[in-house]
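Undergrad: Below is a structure I'd like to ask you about.
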Amino acid sequence: MPELPEVEITARRLDTAVRGVAVESALAPGMNVMKTFEPPLEALAGREISGIRRIGKMPVVEFGGELSLLVHLMSAGRLQVYEKRASMRDRRSRILVRLADGRELRLREFGTKQRAWAKLLPAGEVEREEYVATLGPEAWPAPPLEELAGRIDQPRHLHPMLRDQRVIAGIGRSWVDEILWEARLSPFKQGSELEPDEVERLHAALPVLGEAIERYEEEIGETVPDKLPMPLQVHRREGTPCPRCGTTLAAVHFAEHSTTYCPNEQTGGRVLKDRRLSRLLK
Ligand SMILES: [Zn+2]
């Protein structure tokens, strides 16, 4: 799942690749992918791509300061540039922006479900769009400590709350594990229960996102691969030693995701109940 660092490097590489290139035509083979109808995608024909940027976990393609294509990749979408046009039989294609130089900017989605969506908006309306307008501050660069403290002062578990884009924007299932491990905080601690020094540790852990972007800058060439070499230390590494203290990492599994943590440093030595297992045993 692309999160802030992955979408940031994608936007940077795409921006370098297609900025200044004209659009020949655009279409959406994906069912229901477009959540706006006016202006239509065809309105992109003849316009120039003026830049690609990122808001939270969403890439935004700008067309000449007039139109913006806001893309929500959901869990399995990828936005990439291809040298050749897609076969219309490619069932992963959701949006095809055909470029005048023969290349194609393509939104594809892996897996069976069609969840990714996009909106074509007048450029000035992106920040007012419902989803964008309700986003919390960007997780990178980290917001001021006081702002973070205010945002998370809620009786909610840290693991789901930090992934709530309205609380803080850019964090998903992978990086939340890394951030909580860096901060030595339990995923099931409530935001409103944190002591000031714990909030400080959480704040100090957010720059792992920027460090990941730096790694990507060094390791990724002109094209972002389908699977990024994510520099994760604990996420999905249950059963292996904690890179810091050597304790065996544990995980709690939910229906669609899991959280990995160090029982020694994050949960006071306790191995948390597996939610999936405990539901089956009821
Ligand atoms: Zn540890």
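The values are calculated or read from the model by the stated rules, or taken from the named source; none is laboratory data. What you are looking at is a predicted structure, and each value in this text was computed from that prediction instead of being measured. Here the Cβ is made from the backbone with ideal geometry for all residues, glycine too, and neighbour counts use every protein chain on show. Note: accessible area is taken over every heavy atom of the protein model, side chains too, but ligands, DNA and RNA are not part of it. Shrake-Rupley method; radii C 1.70, N 1.55, O 1.52, S 1.80 Å.
Undergrad: For the pair M31/R128, report the inter-label distance in nm, with labels modelled 7 Å from Cα in the Cβ direction.
TA: So the two model labels end up 3.4 nm from each other.
Undergrad: Return the whole-Å distance between the Cα centroid of the stretch 208-265 and the Cα centroid of the stretch 12-84.
TA: What the calculation gives is 29 Å, centre to centre.
Undergrad: Once you order the gyration tensor axes a ≥ b ≥ c over the Cα atoms, which shape class does the stretch 86-245 get: rounded for a/c under 1.5, otherwise prolate or oblate by comparing a/b with b/c?
TA: Values: a/c = 2.19, a/b = 1.55, b/c = 1.41.
Cα axes put the stretch 86-245 in the prolate bin.
Undergrad: Using Cα pairs under 8 angstrom and six or more residues apart, how large is the relative contact order of the stretch 75-197, in percent? Don't skip to the answer; put the middle values down first.
TA: Details: 143 pairs, mean separation 22.9, N = 123.
Once normalised by length, the contact order is 19 percent.
Undergrad: A follow-up question, please. Could you pull out every residue, at least 5 positions away or on a different chain, whose amide H is within less than 5 Å of the one on L99? Hs are placed 1.01 Å off N in the peptide plane, and Pro or chain starts have none.
TA: Distant-sequence amide H within range of L99: E24, E104, L105.
Undergrad: Set Lys and Arg Cβ to +1 and Asp and Glu Cβ to -1, take the dipole of the chain about its Cα centre, and tell me which of A17, S75, S192 lies farthest positive.
TA: The residue sitting farthest along the positive end of the dipole is S75.
Undergrad: Taking H as built 1.01 Å from N, whose amide H comes closer than 5 Å to the amide H of G51, not counting residues under 5 places away?
TA: For G51, the qualifying residues are G20, E62, G64.
Undergrad: Grab the DSSP H runs of the chain that are 4 residues or longer, score each as -39,500 (n - 2.57), total them, divide by all residues and round the 222 nm result to the nearest 500 deg cm²/dmol.
TA: On the way: 9 runs with 76 residues, N = 282.
For the chain, the value works out to -7500 deg cm²/dmol.
Undergrad: Can you find, among Q114, P137, I152, the residue farthest towards the positive end of the dipole of the stretch 72-158? Put +1 on the C-beta of Lys and Arg, -1 on that of Asp and Glu.
TA: My answer, from the dipole projection, is Q114.
Undergrad: Tell me, what is a quarter of the convex hull surface for the C-alpha atoms of the chain, in nm² with one decimal?
TA: Working: hull surface 64.4 nm².
Orientation-averaged projected area of the Cα hull: 16.1 nm².
Undergrad: Next question, about the same structure. Using a 1.4 Å probe over the heavy atoms of the protein chains, calculate the carbon and sulfur portion of the accessible area of the chain as a whole percent. The partial results should precede the final answer.
TA: On the way: 6720 of 13580 Å².
After summing per-atom areas, the C and S share lands at 49 percent.
Undergrad: Can you compute 3J(HN,Hα) from phi for each residue in the stretch 75-86, using the Karplus curve 6.51 cos²θ - 1.76 cosθ + 1.60 with θ = phi - 60°, rounded to whole Hz and x for Gly and Pro?
TA: Karplus values, whole Hz, x for Gly and Pro: 8, 10, x, 9, 10, 9, 9, 10, 5, 10, 6, 6.
Undergrad: With point charges of +1 on the Cβ of Lys and Arg and -1 on the Cβ of Asp and Glu, referenced to the Cα centre of the stretch 38-161, which listed residue (P39, G102, G124) lies farthest in the positive direction of the dipole?
TA: Result: G102, furthest along the dipole toward the positive end.
Undergrad: Another question, if that's okay. Output the 0 to 90 degree angle, nearest 10, between the alpha-carbon long axis of helix 196-205 and the longest principal axis computed from the alpha carbons of the chain.
TA: Helix 196-205 sits at roughly 40 degrees to that axis.
Undergrad: A follow-up question, please. First select every other residue whose beta carbon is under 14 angstrom from the beta carbon of T247; then total the charges, Lys and Arg +1, Asp and Glu -1. Intermediate results must be reported in sequence, preceding the final value.
TA: Working: positive: R184, R237, R244, R270; negative: E238, E265.
Neighbour charge sum, excluding T247 itself: +2.
Undergrad: At a threshold of 8 angstrom on Cα-Cα distance, excluding pairs fewer than six apart, so keeping six or more, what relative contact order does the stretch 22-117 reach in percent? List each step's numbers first, then the result.
TA: Numbers: 194 pairs, mean separation 31.8, N = 96.
In percent, rounded to a whole number, it is 33.
Undergrad: Multiply the residue gap between E219 and E256 by 0.36 nm, knock off their C-alpha separation, and tell me the result in nm, one decimal place. Walk me through the numbers on the way to the answer.
TA: On the way: separation 37, 0.36 × 37 = 13.32 nm, distance 2.98 nm.
Extending this stretch completely gives an extra 10.3 nm.
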